[in-house]
Amino acid sequence: MALVLLYVVVLVLVAIVLFGVASVLFGRGEPLPPLPRGTTPTVLPASGVTGADVDSVKFTQTLRGYKTSEVDWVLDRLGQELDQLRGQLSSVHAVAAAAVEADDERHAAAVDDEQEQT
């Protein structure tokens, strides 16, 4: 019985020493002040999101995974950026198509003028 009691005392002492060493190495456990409501450490630039920006995004991990509000925010932000870029691309395509159509009309008019002169 004394041997079991000795094992328990040694085990408790080892646990206390390990806890003390871990506390010294990793800090005393002071909590960080909470972020103001509605803010997040997740950062993306206001415009011009690049692949490197997306690669560097970090989400706060919670008990069940990542904080869904941060993930939703990043996805909404990327969606807006993609919509904006696609809008710009479609306007450039429209201008290019109009220019090609105008060139085709001028070319057709020039061909008609040549045929009338001959």
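What follows draws every value from the coordinates through simple rules; no lab data is involved. All values derive from a computational prediction rather than experimental measurement. Glycine also receives a Cβ, built like all others from the backbone with ideal geometry; neighbour counts cover every protein chain displayed.
Based on what the data block shows, is THR42 hydroxyl-bearing (Ser, Thr, Tyr) and in contact with a strand residue (DSSP E or B) (Cβ under 9 Å, 6 or more places away or on another chain)? So THR42 does not fit the description; no. Within the stretch 71-84, is even one residue closer than 11 Å to THR42 by Cα, in contact with a Phe, Trp or Tyr (Cβ under 7 Å, 6 or more places away or on another chain) and assigned to a helix (DSSP H, G or I)? For the stretch 71-84, residues closer than 11 Å to THR42 by Cα, in contact with a Phe, Trp or Tyr (Cβ under 7 Å, 6 or more places away or on another chain) and assigned to a helix (DSSP H, G or I): present. Do any residues in the stretch 38-67 that are without any contact (Cβ under 8 Å) to a residue 40 or more places away in the chain and of a type in the set (D, E, K, R) have Cβ atoms under 7 Å from those of residues that are in a loop (DSSP other than H, G, I, E, B) and exposed (fewer than 14 other Cβ atoms within 10 Å of the Cβ), where the two are at least six apart or on different chains, and which pairs are they? Hits for this filter: ASP53/PRO45; LYS67/THR60. Note on the stretch 44-70: residues that are assigned to a loop (DSSP other than H, G, I, E, B), over 21 Å from GLN88 (Cα atoms) and not polar (S, T, N, Q) total 6.
Assess whether GLU114 counts as being out of contact with any strand residue (DSSP E or B) (no Cβ under 7 Å at 6 or more places or on another chain), exposed (fewer than 10 other Cβ atoms within 10 Å of the Cβ) and in a helix (DSSP H, G or I). Spell out how you get there, then give the answer.
Details: out of contact with any strand residue (DSSP E or B) (no Cβ under 7 Å at 6 or more places or on another chain): yes; exposed (fewer than 10 other Cβ atoms within 10 Å of the Cβ): yes; in a helix (DSSP H, G or I): yes.
Spelling it out, GLU114 is indeed out of contact with any strand residue (DSSP E or B) (no Cβ under 7 Å at 6 or more places or on another chain), exposed (fewer than 10 other Cβ atoms within 10 Å of the Cβ) and in a helix (DSSP H, G or I).
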